[in-house]
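The values are calculated or read from the model by the stated rules, or taken from the named source; none is laboratory data. A quick note: this is a predicted structure, and the numbers were derived from the prediction, not measured. Using ideal geometry, Cβ is built from the backbone for each residue, glycine included, and neighbour counts are taken over all protein chains shown. To get the accessible areas, we keep the full protein, side chains included, count just its heavy atoms, and leave off ligands, DNA and RNA. Shrake-Rupley method; radii C 1.70, N 1.55, O 1.52, S 1.80 Å.
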Amino acid sequence: MPVIKYVQADGRAFEVDVPLGSSVMQGAVDNLIDGIAAECGGACSCATCEVHVDEAWMKIVGEACDIESDMLSASSGLRSNRRLSCQIEITPELDGLVVAIPAL
Ligand code: FES
C-alpha cells in the first residue's frame, strides 16, 4: 500500500498508508489529518481539499484537468503545484508522495 506524507502548515508531518484506487483526499480524511475538509466528498466542486504537491513529485502526479483548474482558479494563490487532493488517485507510483496542506 503506498505511503503518503502529509505536511501541515505548522510543520507537523504524518505518513499514512493509503489504498490503491483511493485518493490523497480520502487518505487524509480516513486518517483524521486536519486541514482537508473535503466538503463535497470528492466531487471536485468545493476546493476544500487543496494540497501543494512537493515539486519533486509534480511530473508523476501531473497537472490538474480543466474542471479541477477552474475550481482552483476560483480560490486564491498562484502556486503551480496546487492540486485538489480528491483528484489525485493513489497508484503504485505515488508511494512516498509528499503533499503540503495549506493554512486555512
Ligand atoms: Fe471537494 Fe475535493 S473534496 S473538491
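Structure data summary
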| read-out | value |
| --- | --- |
| Mean residue ellipticity (222 nm) of the chain, computed from DSSP H runs ≥ 4 via -39,500 (n - 2.57), nearest 500 | -4500 deg cm²/dmol |
| Solvent-accessible heavy-atom area per residue, rounded to whole Å², over the chain at 1.4 Å | 54 |
| Local electrostatic count at Pro19 - Lys and Arg +1, Asp and Glu -1, tallied over other residues with Cβ under 13 Å | -4 |
| For peptides 35-45, 85-95, 56-66, sequence by mean Cβ density within 10 Å, most packed first | 85-95, 35-45, 56-66 |
| Carbon plus sulfur fraction of accessible area for the chain, probe 1.4 Å, in percent | 52 |
| Given charges at beta-carbon only (K, R positive; D, E negative), |dipole| of region 30-104 in Debye | 200 |
| Relative contact order for the chain, counting Cα pairs under 8 Å that sit 6 or more residues apart, in percent | 43 |
| Packing-based ranking, highest mean first, of 46-52, 3-9 given that Cβ atoms within 10 Å are counted | 46-52, 3-9 |
| Other-chain or far-sequence residues with amide H under 5 Å of Thr48's (modelled H) | Ala38, Glu39, Cys40 |
| Neighbourhood charge, 15 Å Cβ-Cβ cut-off, centred on Ile90 and excluding it, Lys, Arg +1 and Asp, Glu -1 | -4 |
